[in-house]
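Each value in this text was obtained by applying a stated rule to the coordinates, not by laboratory testing. Small disclaimer: the values here were computed from a predicted structure and weren't measured. We place every Cβ from the backbone using ideal geometry, glycine too, and count neighbours over all the protein chains shown.
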Amino acid sequence: MRFQAPPRQPTLRQRGGRGSAAASQQARVLAGVLGTTVLLVAVGWVVGFTSVFGVRTVVVRGESQVTAETIRAAAALPRGAPLARLDLTGIARRVETIPGIQYARASRSWPSTVRIDVVERSPLAVLPRESALWLVDADGVLFQQVRSAPAGLPRLVVADPDPDSPATRAALTVLAALSDQLRRTVQVVEAPGPDLVTLGLRDGRTVIWGGAEDSATKARVLPALLSRPGSTYDVSTPTVAVVH
């Protein structure tokens, strides 16, 4: 029977060496994690709570009638405000309070620029109201007072010059249905009631439109009808349009 020696146990020095290496490795990992955490906190503080990455420039794009200075003033961006903490939705909403602005969007451009893109309201007609002339868009918003009607814009003559009145809404719906080319031939839109819209053309002819319903169909029928000689064109019932 062969004698087999028991397995050799590690000496105290060997056990201590392995433990020290593991502890050293853990310490290095812990130091790395702590260092990374401190670095991230420091970066977060610099980006979010100091003016290092703060607002220095506000770029406005898309404006033509409303000045960039007016838009910057409405945006109310304090110089040096941290870019990361800006309320972009709030900025856009403040800009949209300008009567001539239909839509605004604010965005960040690192390291120190805010960009504001705007879409201005497009005038559809001129509405006389309270001894003044106002530009009005397809939504019925009065956004600019003018001294005289700009070339190519029709004048609205309605029973109630309120932009939310049924007659005014009907007149705007009719104008919006016309092509750009056809709309430029209209000098005046009269709407004593929402079902009594008529168009006075710049060449003296008259279009009897009726109500705002079926406006898309009426707008398609009208150009061919206007090619016929006459002075009055009735598209109030587009399936049986009549020329007088």
On full extension of the chain, what length is gained from S165 through A151, given 0.36 nm per residue of separation minus the C-alpha to C-alpha distance?
-> 2.5 nm
Alpha carbon centre of segment 82-129 versus segment 163-208: separation in Å?
-> 31
For segment 81-90, Karplus-derived ³J(HN,Hα) couplings (6.51, -1.76, 1.60; θ = phi - 60°; whole Hz; x for glycine and proline) come out as 4, x, 4, 5, 9, 5, 8, 5, 5, x
Between R220 and S64, what is the FRET efficiency for a Förster distance of 41 Å, r being their Cβ-Cβ separation, to the nearest 0.05?
-> 0.85
Relative to the compact-globule scaling 2.2 N^0.38 Å, provide the ratio for the alpha-carbon radius of gyration of segment 152-194.
-> 1.08
What length, rounded to one decimal in nm, is gained on full extension from R85 through to D139, with 0.36 nm per residue of separation minus their alpha-carbon distance?
-> 16.1 nm
Which number comes out as Rg/Rh for segment 125-186 once both Rg and the Kirkwood Rh are worked out on C-alpha atoms?
-> 0.93
In segment 142-244, what % of DSSP beta bridges are antiparallel (nearest 5)?
-> 60
Kirkwood calc, segment 137-244, C-alpha pairs only, radius in angstrom 13.9
Would you please give the residues with an amide H less than 5 Å from that of Q187, counting only those at least 5 places away or on a separate chain, with H modeled from the backbone geometry?
-> G200, L201, R202
